[in-house]
1. Below 8 Å, C-alpha to C-alpha, sequence gap of six or more: please give me the relative contact order for the range 44-169 in percent.
2. Can you list the residues of the range 124-142 with backbone N under 19 Å from a point 7 Å past the Cα of E83, pointing along Cα to Cβ?
3. Can you give the FRET efficiency for Q126 and A53, using 1/(1 + (r/R0)^6), R0 = 22 Å, r = Cβ-Cβ distance, to the nearest 0.05?
4. Simple spin-label model, 7 Å along Cα-to-Cβ: E151 to R92 in nm?
5. Using a 1.4 Å probe, what is the accessible area per residue for the range 107-153, in Å²?
6. With all protein chains present, how much of the accessible area of the range 57-184 (probe radius 1.4 Å) comes from carbon and sulfur, to the nearest whole percent?
7. For V60, what residues show an amide H to amide H distance below 5 Å, using hydrogens built from the backbone and excluding near sequence neighbours?
Amino acid sequence: MHLASTFAAVALVVLSATLVSSSLSCAQHSHGAAGHGGDAAVGANPGPARGPADDPRTAVAFPAEMREHTLANMRDHLLALQEIQSALAGGRFDAAADVAERRLGMTSLALHGAHEVARFMPPGMQDAGTAMHRSASRFSVVARDGAATGELGPPLSALAELTATCVACHAGFRLSRASVPPAA
């Protein structure tokens, strides 16, 4: 790989990490950094941070235990994205594919208790979650192809698509501090 290609690949990985980190921190913190300007389009300028009362995202209430479980899952998703980026940066395409499928892909649903959590999500949030899991499985396939071809571009593009599903969900939804009783 040429030096310019390597630099471009690293820049894309850093940008992806920054976008996901910013989106996740905005969704999880309650100290006023929750605004996304109401535009869920990828690449949209999030605008200035606003307080929770001005947050246009749909507030979703979970039972307290399920809320903590969901936040822990999202932190693990962010860690998985970092591990994927690190693996790609080291040319370990198969390792990136394994992390994506095992921790984020369609085969990870049981690991995260997705069926339990989905009962408390509005349909749009369920759709966003499903899109993320499917996108991670697609990334896994593309990354395995990259192991055969040595081309970094397609896996990075698939990773950007995966990251965009995270950004879109966090731009449209937030977990509220309000709690609902556990479902029977």
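1. 24 percent
2. In the range 124-142, the label zone of E83 (backbone N under 19 Å from the point 7 Å along Cα→Cβ) covers 132-142.
3. Here the calculated transfer efficiency is 0.25.
4. Calculated label separation equals 2.5 nm.
5. About 53 Å² of surface per residue is accessible.
6. Ligands and nucleic acids excluded, carbon and sulfur reach 60 percent.
7. Under 5 Å from the amide H of V60 lie the amide H atoms of R174, L175, S176, each far enough along the sequence or on another chain.
The values are calculated or read from the model by the stated rules, or taken from the named source; none is laboratory data. Here the structure is a predicted model, which is why all the values come from computation and not from measurement. With ideal geometry, Cβ positions are generated from the backbone for all residues, glycine too; neighbour counts draw on all protein chains shown. To get the accessible areas, we keep the full protein, side chains included, count just its heavy atoms, and leave off ligands, DNA and RNA. Shrake-Rupley method; radii C 1.70, N 1.55, O 1.52, S 1.80 Å.
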